[in-house]
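Below: the structure, in structure tokens.
Quick note: the coordinates plus some simple rules give every number you see, no bench work behind them. Please read all numbers here as calculations on a predicted model, not as lab measurements. Cβ: placed from backbone, ideal geometry, glycine included. Neighbour counts: every protein chain shown.
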Amino acid sequence: MFKKIRCELLGSLAALALFVGVIGIKPASLFILYQPEAPEHLTDS
Amino acid sequence: MVTLRNTAAEFAQYLGRELNFDQKDTETVRYGIEIILGALVKGLFIIVISYWIGIIPHVLAVLTTSSGLRLLSGGVHCSTYGRCLVLGSSMMVLTGIVSLTISPLMNKKLMLLLIMLTALTGLYFVKKYAPADNCSKPITKEVKRKQYKKLSMFFVIIWTIVITFITLAYRQSPSTYSLVLASIGGFLGQIFSLCPAGYRLIGSIDNGLGKILP
């Protein structure tokens, strides 16, 4: 049971990170003056 | 060395192993975690400092205005997260302090004049320089550039309407002018970060901070 909960938690966290990563492709990050290096497959070029 | 990038990468590798992600998804998760961690750390840092000084509402007014426009218009970036944390937080807290200090000198006419001048300046610079991208993720498609420019101009118009309404409707409230001034400060700071002079200034501060920060 704990394995299932752990898997669900990790899956939700990964889904959130994927979502932020994909919508993070905007001209700038929300309020940080630092732009992490974006994965190549997410950028236009 | 513990950095935001290394922490995000290690966490993404762990998630990738546990959930059987391929390399592409792991890299996207790393990018997402880096953004989330960066925003959380900076948000907490700004809230703690502004709470300590007693200007949380003013700093939040700066933060929401500059963040909203920044999301659409882009702007200059620091080269490392540590320098971003120091420079970005200092700019927001200083804007909050200045807005609180000069608000007793303001009256309704002066506020409206300032809002109109700020809006016109904003429209001019957004039309000329937005979206200001960076080498980490350049916007190469012309359609997307036009879309972001239009959205940024839309933001400036909506912001002007909202801020004018607040100034007129809540002018009896003692904190209205200082909060509106904080929002104007955040707006102008973000507009400045779009233009070449902003790139030069932030670039030189970034280099200067490089002598004491990683």
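Structural remarks
- GNM result for chain B, Cα springs below 10 Å: residue of B:Leu40, B:Leu194, B:Leu63 fluctuating most strongly: B:Leu40
- Residues of segment B:67-110 with amide N under 16 Å of the 7 Å Cα→Cβ point at B:Arg200: B:76
- Under 16 Å from B:Lys24, Cα to Cα: lysines that are on another chain or at least 8 residues apart: none
- Candidates B:Leu44, B:Leu85, B:Leu123: whichever shows maximal mean-square fluctuation once chain B is modelled as a Gaussian network with Cα springs under 10 Å: B:Leu44
- Cα-based shape type of segment B:95-214, given that a ≥ b ≥ c are square roots of the gyration tensor eigenvalues and the cut on a/c is 1.5: oblate
- Pair B:Thr121, B:Trp52: separation of 7 Å Cα→Cβ label points (nm): 3.0 nm
- Within the same chain, aspartates and glutamates fewer than 8 places from B:Lys128 are excluded, and of the rest, those with a Cα less than 16 Å from its Cα are B:Glu142.
- Dividing the summed helix terms, -39500 (n - 2.57) for each DSSP H run of n ≥ 4, by the number of residues in chain B produces a 222 nm estimate of -27000 deg cm²/dmol to the nearest 500.
- Residues of type lysines that A:Lys4 reaches as a straight line, Cα spacing below 19 Å, ignoring anything fewer than 8 places off in the same chain: none
- Dipole magnitude of segment B:1-113 about its Cα centre (Cβ charges: Lys, Arg +1; Asp, Glu -1), debye to nearest 20: 540 debye
- Rounded to the nearest 20 debye, the dipole magnitude of the protein assembly as shown is 680 debye, with +1 charges on Lys and Arg beta carbons, -1 on Asp and Glu beta carbons, and the Cα centre as origin.
- GNM result for chain B, Cα springs below 10 Å: residue of B:Leu181, B:Leu15, B:Leu69 fluctuating most strongly: B:Leu15
- D_trans [Stokes-Einstein, Kirkwood Rh over alpha-carbon pairs] for chain B, 20 °C, 1.002 mPa s, µm² s⁻¹: 114 µm²/s
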